[in-house]
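Following: one structure in structure tokens, then a few remarks.
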Amino acid sequence: MNREMTAGIHLDGVSRRFGVIRAVDDLTMSVPRGTVAVLLGPNGAGKTTTVRLITGSLRPDAGTIDVLGLNPMEDGDEIRRRCGVVPPKPALYDRLSGRDNLRYAARIWGASEDTIDEAAARFGIDHALHLEVAGYSTGMRTRLALARAVLHDPEILLLDEPTAGLDPESARAVLDLIRELAGSGRTVIMTTHLLHEAEGIADQVILMGAGRARAAGHPIELANRYMTSPVVIIDAENRDLLKDLDTHRGVLGAKWNGAMHVTLESIEVLPDMVAALVRDGVRITRIEPMAATLEHLYFEMQRQLRDVPPPDTPPPDAPPAEMTP
Amino acid sequence: MSWSNVWTVARIDLHRLFISKDYWIPMVILGGIFFVFIPWVLLGVVTRPQSLEIVQQIGDVLTSLPGTAADVVQGETAAARAAYSRAVFLLAPVAIVVPLTISSAVGAQAIVGERERGIGEFLAHSPLQIREIYAGKLLASAIPGYVATVVGFGIYALIVNFRAGPIVGGWFFPTAGWWLLILWVVPPFLLVALSIIVRLSARVQSTAAAQQAASLISLPIIMASYVASSGFVLNPTVAAMLVGSVAWVLAIWGVASGARAISRERLLSVGAEA
């Protein structure tokens, strides 16, 4: 099968060290064409290094990288021509206008200058193109960097923490724009350490830690994999009667956090537990299952990883990143 | 290598310099001091009656020079010879000092400055070849210094001819040696220095360190230019051609090998963030 047709970006056992630090360590991941992958992990997880390896800006110490069927070490110029990158810092010339910054990129990528206004309008920055970038807000800078990244209509978009430093409104706007870009068939890799950003945007989440892909898959699939114990939220008029909940049969744990968060062995034990509470005179005001979020998933995964050292190779049932678009 | 890409890189830097008053105002002041103020004052001294004794001494010294050197110095009187020698020989090294000072300031920031601004990351992810980025940065560093020198040279020529011309016996400047200096000697000296400075700019960690390193590079090259310019006294044309030829060889080697010092990894602040 032609890999270029199935996997836009493929990393296999890739490692990269900086001195004694393993920035990326035996990383294997695959992002099919036309999908959105979110690299999720704390600072130092290897997200930025991964982006740099994909464009060929960094050379791997070991492993193979395949981008659109090309090797970044041999065909780096061609890959970079077909990629649009938003670095973690917008990387703009402050003393120049927004238009000059875009014009510069258009010339480098050989894009027509006619695309400048179109790209700027797409990201709602067209009204400020004549202004010096030094006067831009953080949100405007990010929008300009995004506009610059799509000027040449790239096949791959690599967005390194594109919402860093943005207020919630701007962050949402940027995420909507990314969703729109992904909808137009581009392959998108976005890095973030903000878990909620990955939800609703990612076809695939790759949880990274210490330079490795610890887990990968669709957010729901990952939640099911790691969040095996259901959690329900219970509140009552007489809350003091809830404090002994963890002694009920089938209850693994209970923790107060604005309401009682109860972890169950399985959802089947819930009716019996509720009946027991009613018998004990608890006047229940709220009971609802808690939806598994990536945040829960992330901390659950971290907890499990602390308990079990990471395997050298991904488990057979959980290939680090392969997924069906 | 695409020269269009090289010019794209150079043009954005030149544009940034052009709109940056805090860069070009000191540049104009520097050029003004070396090409206008100092020549005006030094040549003015020759024409003052109070300076007669000093002028006579200079004239005597010039008369006592070896045959070839003495033949080069034009002028019938001691004042004429003093004015001629000051205009032609004394200020020749200025033609090196000015472009090196101006260009080294730009060259020192060429790579490390981009890295500090985050632009290095943008360039590293771009389809530009490293050689194109290097050549563009080199060009953007060389052009301001050289243009300032050429413009300053023109103004200097006018000042010399207006102030010293009547004493020497007419407009005599630029001489053949000066033409060679500006067109044949200055460009390679500039390129030699910049090829080293831009290379260092890729290796140092901060702009401040790059500026220090640039000063270290500029100083010996300025001293070498003084030595070279003294050769013009004996035989301007041959000396300039010889010095220029050697400098061009060094410049071509320096520029060609300089690109190898830069890599995409150096454009990134690699190691700072994993």
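The values are calculated or read from the model by the stated rules, or taken from the named source; none is laboratory data. Since the structure is predicted, the reported quantities are computational estimates derived from the model, not experimental observations. Quick reminder, even Gly has a Cβ in these numbers, built from the backbone with ideal geometry, and neighbours come from all protein chains shown.
Taking B:Glu116, is it surrounded by fewer than 24 Cβ atoms within 10 Å (Cβ to Cβ) and within 11 Å of another protein chain (Cβ to nearest Cβ)? Judged against the criteria, B:Glu116 is a match. Within segment A:12-27, does at least one residue satisfy the condition of being surrounded by 24 or more Cβ atoms within 10 Å (Cβ to Cβ), touching a Leu at 6+ places or on another chain (Cβ under 8 Å) and over 23 Å from B:Gly118 (Cα atoms)? Checking segment A:12-27: at least one residue is surrounded by 24 or more Cβ atoms within 10 Å (Cβ to Cβ), touching a Leu at 6+ places or on another chain (Cβ under 8 Å) and over 23 Å from B:Gly118 (Cα atoms). Is segment B:172-186 home to any residue that is modelled with pLDDT of 85 or more, buried (at least 24 other Cβ atoms within 10 Å of the Cβ), under 28 Å from B:Leu250 (Cβ atoms) and not aliphatic (A, V, I, L, M)? Within segment B:172-186, none of the residues are modelled with pLDDT of 85 or more, buried (at least 24 other Cβ atoms within 10 Å of the Cβ), under 28 Å from B:Leu250 (Cβ atoms) and not aliphatic (A, V, I, L, M). Count of segment A:149-180 residues, restricted to those that are in contact with a helix residue (DSSP H, G or I) (Cβ under 9 Å, 6 or more places away or on another chain), assigned to a helix (DSSP H, G or I) and either closer than 21 Å to A:Arg103 by Cα or among the charged types (D, E, K, R) (or both), is 4.
Filtering segment B:17-28 to residues that are surrounded by fewer than 11 Cβ atoms within 10 Å (Cβ to Cβ) and among the hydrophobic types (A, V, I, L, M, F, W, C) leaves only B:Ile25. In the set B:Arg199, B:Arg264, only one residue is at pLDDT 85 or above, closer than 30 Å to A:Arg212 by Cα, touching a helix residue (DSSP H, G or I) at 6+ places or on another chain (Cβ under 7 Å) and not β-branched (Val, Ile, Thr); that residue is B:Arg264. When residues in segment A:244-273 are screened for being part of a helix (DSSP H, G or I) and crowded, with 16+ Cβ neighbours inside 10 Å, 4 of them pass.
Note on segment B:20-44: residues that are over 17 Å from B:Tyr84 (Cα atoms) and touching a Gly at 6+ places or on another chain (Cβ under 6 Å) total 1.
Of all the residues in segment A:38-64, those that are surrounded by fewer than 24 Cβ atoms within 10 Å (Cβ to Cβ) and in contact with a Leu (Cβ under 6 Å, 6 or more places away or on another chain) number 1. Only one of the numbered conditions (1) in contact with a Gly (Cβ under 8 Å, 6 or more places away or on another chain); (2) under 19 Å from A:Pro32 (Cα atoms) is violated by A:Gly200, and that is (1). As a summary of the residue check, B:Ser225 satisfies the conditions (1) more than 30 Å from A:Thr55 (Cα to Cα); (2) modelled with pLDDT of 80 or more; (3) touching a helix residue (DSSP H, G or I) at 6+ places or on another chain (Cβ under 6 Å) except for the one numbered (2). The residues in segment A:181-196 that are more than 19 Å from A:Gly34 (Cα to Cα) and in a helix (DSSP H, G or I) can be counted, and the count is 2. Of A:Gly185, A:Gly124, A:Gly200, all but one fail to be under 21 Å from A:Leu92 (Cβ atoms) and away from chain B (no Cβ under 14 Å); the exception is A:Gly124.
Each row is one residue, and each column tells you yes or no for (1) surrounded by 17 or more Cβ atoms within 10 Å (Cβ to Cβ); (2) within 22 Å of A:Gly8 (Cα to Cα).
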site: A:Ile108; (1), (2): yes, no
site: A:Ala119; (1), (2): yes, no
site: A:Asp126; (1), (2): yes, no
site: A:Leu129; (1), (2): yes, no
site: A:Thr138; (1), (2): no, no
site: A:Ile156; (1), (2): yes, yes
site: A:Leu159; (1), (2): yes, yes
site: A:Leu177; (1), (2): yes, yes
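Yes or no, residue by residue, for (1) of a type in the set (Ser, Thr, Tyr); (2) outside any helix (DSSP H, G or I); (3) crowded, with 24+ Cβ neighbours inside 10 Å; (4) modelled with pLDDT under 90:
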{"residue": "B:Arg86", "(1), (2), (3), (4)": "no, no, no, yes"}
{"residue": "B:Phe89", "(1), (2), (3), (4)": "no, no, no, yes"}
{"residue": "B:Val97", "(1), (2), (3), (4)": "no, no, no, yes"}
{"residue": "B:Phe122", "(1), (2), (3), (4)": "no, no, yes, no"}
{"residue": "B:Pro127", "(1), (2), (3), (4)": "no, yes, no, no"}
{"residue": "B:Ile133", "(1), (2), (3), (4)": "no, no, yes, no"}
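Among all residues of segment B:158-180, there is none that is within 14 Å of chain A (Cβ to nearest Cβ), in contact with an Asp or Glu (Cβ under 9 Å, 6 or more places away or on another chain) and in a loop (DSSP other than H, G, I, E, B).
Among the residues in segment B:242-253, are any modelled with pLDDT under 85, surrounded by 17 or more Cβ atoms within 10 Å (Cβ to Cβ) and farther than 30 Å from A:Arg59 by Cα? Yes; the residues of segment B:242-253 include at least one that is modelled with pLDDT under 85, surrounded by 17 or more Cβ atoms within 10 Å (Cβ to Cβ) and farther than 30 Å from A:Arg59 by Cα. Applying the criterion of at least 3 residues that are within 14 Å of chain B (Cβ to nearest Cβ) and either at positive phi or in contact (Cβ under 8 Å) with a residue 12 or more places away in the chain (or both) to the helices (runs of 4 or more DSSP H) found wholly in segment A:1-115 leaves A:47-55, A:76-81, A:98-109.
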